[in-house]
Structures are given as C-alpha cells and as structure tokens.
Amino acid sequence: MTYRGLLGCALLGFAIALATARTGAQAPAAPAQAAPAAVSAAVLKQYCATCHNERLKSGGFVIDPAAVTNVSAAADRWEKVVRKLRTQSMPPPGAPRPDAAGYDRVATFLETELDRAETARPHLGKLPLTHRLSRTEYRNAVRDLLALESLPREVSVDYLLPPDNISSGFDNIADLLFVSPSNMERYLDAARKISRLAVGDPAMPVMVNIHRLDPEHPQDERVEELPFGTRGGIAVRSEFPVDGTYIIRVDVGNAQGHELEILVDGERAALRQLGGGGRGAPAVAAPPGQPDPADPDPTPPSADRPAVQGRGAGGRGRGAAAAGPLEFPLTLKAGPKLIGVAFVQRTEARDEATLRPRMRSRGTQPAINSVTISGPYKVTGPGDSPSRRRIFVCRPASAAEELPCARRILSTLARRAYRRPVNETDVRDLLPFYEQGRKEGSFDLGIQKALERLLVSSQFLFRIEREPLTVAAGTAYRVSDLELASRLSFFIWSSIPDDELLDVAAAGRLKDPKVLEQQVRRMMADPRSESLVTNFAAQWLYLRDIGAKLPDEILFADFDETLRTSMQRETELFIGSVFRENRSVLDLLRANYTFLNERLARHYGVPNIRGSHFRRVTFPEGSVRGGLLGQGSVLTITSYSTRTSPVLRGKWVLENLLSAAPPPPPADVPSLKTETAPGKPLTLREAMIQHRAAPACAGCHARMDPIGFAMENFDAIGRWRERDGDQPIDATGVFPEGTKFEGISGLKKELLRQPEQFVGTVAERLLMYAIGRNLQYYDAPTVRAVLRESAPANHTLASLVAGIVKSRPFQMREAGGE
C-alpha cells in the first residue's frame, strides 16, 4: 500500500473515532442552599457597591450585596469577586479598604457557598472525546513504546513535527491539538523514519545529522558528560540503527598543536594531533568508496591503496593551516551511544583564559565549529539494539512460525501503543502491512511496515475516550479504568502507561482508591516523572523562553551560551529537588539553596566553585539568592535585551505565582519616557512613576511595579548590583493596601505571608495541565479542595498531584463531548 493509502487509513480511523461522540445539552444547575450573609453583604455594600452598582457599573461589573444569599445563581461573577478579595487587588488604590480580617471573612463566606453549590451540582467542563498527543507526548510515547532514548536529529520528533499551539502557557490543551492533512503527511514521514530506525533496516539510506556549536558557546572548559581531562567540544546522545560504519566529521578550523579526541560512551575511539602526525584511528577525508576532493589521486581507497592518514585539519604536516574538516570512520554496534568530540586539556600554568577577560565568543582557545555524524555505511547487520529487543518478543525458527510470531509482536506493540487490550480486529488491521513487507523482503521488513502503520493509527496519535451508550447528555460519569490510566500516565509521565498500569486498569482495579493511590506513588518515584519538571514546570514558568533571549552583546558582553544553558539547568535541578525530596512547593520561593557550576557561580559571585558539573550549594543566612526569584533564568526572561523591566517582572510574578494577571494594557499606552530633557536621564523608577500617573495605567501598575522594583538589584541577566549607572538602586515597594517592603527578601516575605495564593496557583496550573483544558470559574472549588487535602502534607507536589488525581474533573467527564 502507498503512503497515500496509509494516509487514507489513518484519516479514516480518525473519522471513525470521532463518530463515537454524542452531543447533548448541559443540565441546569441546582441552586445552592442559602446561608446567613448579613456581615458579608454589609462589607460589600460599604466597599464595593459604591462603584460597582447599576448606575456606575465600574469596569462593566455590578455587585449586588443582597445577592449573597444565592451565590450559585451567578457563580462565575462571585468567583471573580473571591479572586479580587484574596489578592486584595480591589478596591483600587486610594479608595477605602476593609482590614485583613474583613477581606478574609467575606472571601471565606463566598468560597463556602460556592463550594457547596458545586458539590451539589458539579460542572466538569467540555473535553473533546479525541485528544491528540502533543509533540512532547508523542516523543515520549515513541521512547517508551520502542525503547528509543535519543533520536538522531534527522529522526527527531522536534525536527519532523510542527510545534503545537499554546494556550495559557501549555501545549497540551485538547481544543488546540488538531491535525490538518498537511500535518498528517508529516506524521507519516515520522512513522516511516522511526520504524526503520527502531527495527534496524539494513537498507535504510544514509542519515546526516549536523550538530553546530553556537558561536557564543565557550569551549575553554570541560563539557558535562565528557571525561575529565577534556575541554570544549560537544556530547551527542544518538541512536545508531544498525551495525556498521559511521563517519564523525569535525569542523575544527585552525587548531594546530592541539589534540582532538573522539569518544564513544566515555571511551577513547580516536585521538588526533592537529597540525601534524597523530595516534589512534586514522582521519580520512571522504566516506568509504568515495573520492576525496582534496586528494591528488582521486582513486577511491582500496586494499591496495588504503585511506590516507592525517587528512583534514592539519593533515598535510605539522604546522600546516586548516585544510578542511577531519573525518573519523568508526565501526559501531546498533543502539544508543554517547558520542563525544573534544580537545585534550593542556596543563599550562597560566593559560589564555586566565590572561584575557571573558568575552561573548567561543572562548580564548581553538574551538570546534560543528560535528556531523553520518551513516550507516558498510552495514554488517541489524544488530542487537534495545529497540529490537523491545519489538521482537519472539523470533520465528521456520516459515510456519512467522505469522504466529508476527501476530504476537503486533499484539504486544498495539496493546502498549493503543493503551488498552487489543482484539482480533486491531491485529487484522496491521497484518496486511506486515504481509506486504514480508512479500517485499524479510520478516523484519514486514514488522517494520506494520509498525509504520501503527504509528499513524488514530488509536496511537489520539487519546480516545468513549461515552457509555446508556448515559444521557449532560450527565456526569466516571471514565473507564483504561481511560483513567491514560489520563494518569500522560499527567505524571507525559507518556503512555507501562505494562503494570495497563494490567491494573484492564483488571478493573484502578478505580479502587487504594490501588490508585499506590499507582500514583509508584509513578511519582519513576524517573519518567521528571516530565513534571521538564514539561509542566518549564511551561508553567515560561522557562523555555530563555532560549529566545538575546541580551545586548555590548552591555552584557560576558553572556554566552554556556551561561544560558547553565541558568536553565540550575532551575531544572532546583525544581526537581523540591519535587523529588517531597518538599513543600513553598520552598520554590523560600529555599536557601540552589545548584551551581563554576560558570554560573562566577556570574552570581559565589566563590570556590570549580568545574562544569553542577553541585548543590547552600546560601548563608540573609543571601539574596535562593528560590526562583533569585535565579538567572527567571530574571533574564523577565528583562529586555538592554535593561531590566519592573513591569515584566511584576507581571510574571502576578500571573505565574499568584494567579492575579493584570488585564491587557490599553491600545493607546504611551512609550516610556527616559529623559526629562536631552541629556537629563531619568532613573527607571522615576520614569515609571511618570508613566503610571495616567489614570488608565495607575490601577495595574500600582501592584505590578512594587514587585518589579523589589527585584531591581538584579540586572537584566541576573547579576547583583547596588547601582544602576550612577544612581543607587531603590528597591523599596508599597502595595496598594499600604504594605511596605524592601528588596528581594522583603518581597519573598510578603509573598509567603499568604502562602495559599502561591500554592493555589501551583494547584491551578497542575489541574489545567492534568486535564488538558483551560480552567473556568467552576473549577475553583476543585482547586480549593486540593489545597485543603494537601495541607496536612505541607503542600508537597506529591500531595497536590494526589489531590488532583482524586478530583472529579480528573476522574469524570460530562456526556455530550465533541
């Protein structure tokens, strides 16, 4: 069958999956029981209704104090009131305000009534019956299905598939994960390449994977994952599809007098003295059997004329200038490998890095420009890779055993890929592809063709949930155990369920609360739960934006790619430690430690840290570091390329740490004026004070700016400073209700004074990420319930995850999905 035929099959399968959906109207909400509300009504009348009444309708919002006796009738509006009360963002600056007890009294009353109403008539929101895997989920699913840990760039999911749409910071929101016909073509291409790599197709074409090192990536120090005694270069994790010859091509430029080392899984495979003779594997200028354009004799290498040693950079003799890239042919076994290319560290008393200031470049010594890995050439067999061991659960000893073995292999793969027990129809759909491949070649080729079909099946690409035929539209019902297993694994692992979880679900035992709790604990202890750091937290905090930041190369000349990646790694290790060590999520704000290597420690001014490896560092009492707000990644993504931005930093804190995002600015906001007259610059604080003098700007800036100014001692790339130019930094702040604080320490104390705001934000983002939809007003009672349940465990991530897994939105859905 052609690839167009495959496309037709895949799209037909998707259409059939969609046909299972049924639509229906949502049942009307039941009114909540009324409760005494005289005190709350009086507070609302005194402080809120003076502006938010039928006559003024300030902000287009009306508050009727008498309506507190039936908050369920307008739950969406009252949830907005609760949020404003909890963040104390209303009444606006300058208006009379209740005291802290008054805020809490009214908010608690409204929350109690809203929670009671939601319990009586839960709203679960609308979720599509088909939820496409995000690109990250697809990559992880391929990894776990086929034991492919590190795909080569040419077969990389990020390279083959387009990025997903993002909503509220997350790329797994179901409503935005659709598949166009053009995208389906890309899934077909990915399936073809991945299946050939996994099976180990001896006839697969040569792959060429180029790894370019950033011009701003210094190479004066050891690269993490490479042995001590090396410096610079690159470490590449990659899958090699078959046993055979692969060419490592190194563009190193002019580096005479230095030694270049090629390593495979930490062991030396070749060593070359640049600019003259050398040791180890010979370097050749062209793949086997191809003429070398730099060779005066174009005859291909043969037994009578072996490949010329020393060809490439400096290969014509000691002291020669660069003549082109070096090429190293390596005979490798199939499977995952760590390929290292680096210089041998020279032991000089005072090297150039000591004598020259650090600038934004590749460093002070010769550097590697790029590494290209190509192959396979001279294939000797499919090998014995982890992916082949995962796929081939049996091997036929005769022609009569081939079909039964193929059925067993495909049944095993389909069960894992489809996340459910498979039936005869599932296997029968794959067998024609196996038979076609078997007819064209070998048993392995047949399995490869069937695997290719499986990877574009709607059952794999989509998480499909089916409504029971007996459930009326608008009725809430529990999802099946198998559907719950998929929800659980994609929440905690961003990947497919493993065999144990599938077995429990298939037996109908996952609905048992004790079994479910045990599975959650097991999954949180599994290394795959690292996706809660690399996928959930990275998106929640917008940490991925660090890759797009370009600090000004003149103002921040020492900012380079090593510093950028170190910043990102620090935050990942820090968040991971809070999660793994079962710490309170509040430690994300208040922890007195972080993870540093020498490059980042020097940037922070922390002494006595040596080497490129990260280690845990505890800060002394009163340190300005510690917690997310003192980390370079957060401080850099909330700055402009030339300066800090109190507005960006304040907005980031309000939106991502407190769930109190300010509204979008008006369309006619004037630009920030930084001078009163030519040559008379304003400090950033003075400019901001003038800017927010406009009534349209004052409301939002009154809460954003104090937060941002408290972080002003950190410059645009997170370095500590006492002065901004010639002016001392003023890091004091005053919130609209009159609370005063100073600097980063004072800001942290204020944020921790109401810890439920931060913990509530973490719970909100986790719930959104877990169920794959934007939260609505009717989700607030669920978030509050999760907070109450996690309080005895001091709000650890594990307790928040457990609360979300037990919640109604996670375990149930409403009939009438699309």
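Before moving on, here are some points about what is shown:
- Residues in the stretch 366-429 average 45 Å² of solvent-accessible surface per residue, probe 1.4 Å, ligands and nucleic acids excluded.
- Gyration tensor verdict on the stretch 36-109 (Cα atoms; rounded if a/c is under 1.5, prolate if a/b is larger than b/c, oblate otherwise): rounded
- With all protein chains modelled, accessible area of PHE460 [1.4 Å, Å²]: 0
- Surrounding net charge for LYS748, when Lys and Arg each add one and Asp and Glu each subtract one, Cβ distance under 12 Å: +1
- The stretch 465-519 and the stretch 716-781 have Cα centres lying 36 Å from one another.
- Spin-label model distance (nm) - ARG428 vs ASP499, 7 Å beyond Cα toward Cβ: 2.8
- Solvent-accessible area, 1.4 Å probe, carbon plus sulfur percent, for the stretch 684-818: 51
- Value of Rg to Rh for the stretch 523-616 (Rh from inverse mean 1/r over Cα pairs, i.e. Kirkwood): 0.99
- Taking a ≥ b ≥ c as the square roots of the eigenvalues of the alpha carbon gyration tensor, the stretch 192-281 is prolate, as a/c is not under 1.5 and a/b beats b/c.
- Amide H to amide H, with H built 1.01 Å from N, ILE609 comes under 5 Å of no residue 5 or more places away or on another chain.
- Among the listed pairs LYS84/LYS806; LYS80/LYS651; LYS337/LYS449, those with a Cα-Cα distance over 22 Å are LYS84/LYS806; LYS337/LYS449.
- Sparsely packed loop sites in the stretch 575-638 (the trypsin sites (Lys or Arg not before Pro) outside DSSP H, G, I, E and B with at most 14 other Cβ atoms within 10 Å) comprise ARG610.
- For the stretch 479-605, averaging the sequence separation of C-alpha pairs within contact (under 8 Å, six or more residues apart) and dividing by the residue count gives a relative contact order of 19 percent.
- GLU111, GLU224, reordered so the largest accessible area comes first (probe 1.4 Å): GLU224, GLU111
- Computed as a quarter of the hull surface, the mean projected area of the alpha carbon convex hull for the stretch 100-233 stands at 16.9 nm².
- Part-to-part distance (alpha-carbon centres) for the stretch 223-241 and the stretch 367-413, which is given in Å: 26
- In Å², nearest 10: area of VAL81 left accessible to a 1.4 Å probe: 10
- Förster radius 25 Å - calculated FRET efficiency between ARG116 and LYS45 (Cβ-Cβ, nearest 0.05): 0.60
- For GLY622, net neighbour charge (Lys/Arg +1, Asp/Glu -1) across residues whose Cβ lies under 15 Å away: +2
- Cα shape, the stretch 700-818, gyration tensor, a/c 1.5 rule: prolate
- Förster radius 51 Å - calculated FRET efficiency between VAL208 and PHE178 (Cβ-Cβ, nearest 0.05): 0.95
- Straightening the chain between MET812 and ASP158 buys 232.2 nm, computed as 0.36 nm per residue apart minus the Cα-Cα spacing.
- Placed amide H near GLU327: partners under 5 Å, 5+ positions off or other chain: VAL250, VAL284
- Phi angles of the stretch 781-790 translate, via the Karplus equation with coefficients 6.51, -1.76, 1.60 and θ = phi - 60°, into HN-Hα couplings of x, 5, 4, 5, 5, 4, 5, 4, 6, 8 Hz per residue; Gly and Pro are given as x.
- Electrostatic bookkeeping for MET812 treats Lys and Arg as +1 and Asp and Glu as -1; over the other residues with beta carbon under 15 Å from its beta carbon, the sum is +3.
- With protein chains left intact and a 1.4 Å probe, residues in the stretch 743-809 average 33 Å² of accessible area per residue.
- Residues of the stretch 487-542: accessible area per residue with a 1.4 Å probe, Å²: 36
- Alpha carbon centroid spacing (whole Å) that separates the stretch 248-269 from the stretch 90-169: 46
- Spread of Cα-to-Cα distances over 5 Å intervals beginning at zero, given as percent, for the stretch 391-545: 2, 8, 15, 15, 15, 14, 12, 10, 6, 2, 1, 0
- Near the amide H of HIS258, within less than 5 Å, lie the amide hydrogens of LEU274, all on another chain or at least 5 residues away, with H placed in the peptide plane.
The values are calculated or read from the model by the stated rules, or taken from the named source; none is laboratory data. Small disclaimer: the values here were computed from a predicted structure and weren't measured. FYI the Cβ positions are ideal-geometry reconstructions off the backbone, even for glycines, and counts take in every protein chain you see. Protein only, heavy atoms only, side chains kept; ligands, DNA and RNA dropped before computing areas. Shrake-Rupley method; radii C 1.70, N 1.55, O 1.52, S 1.80 Å.
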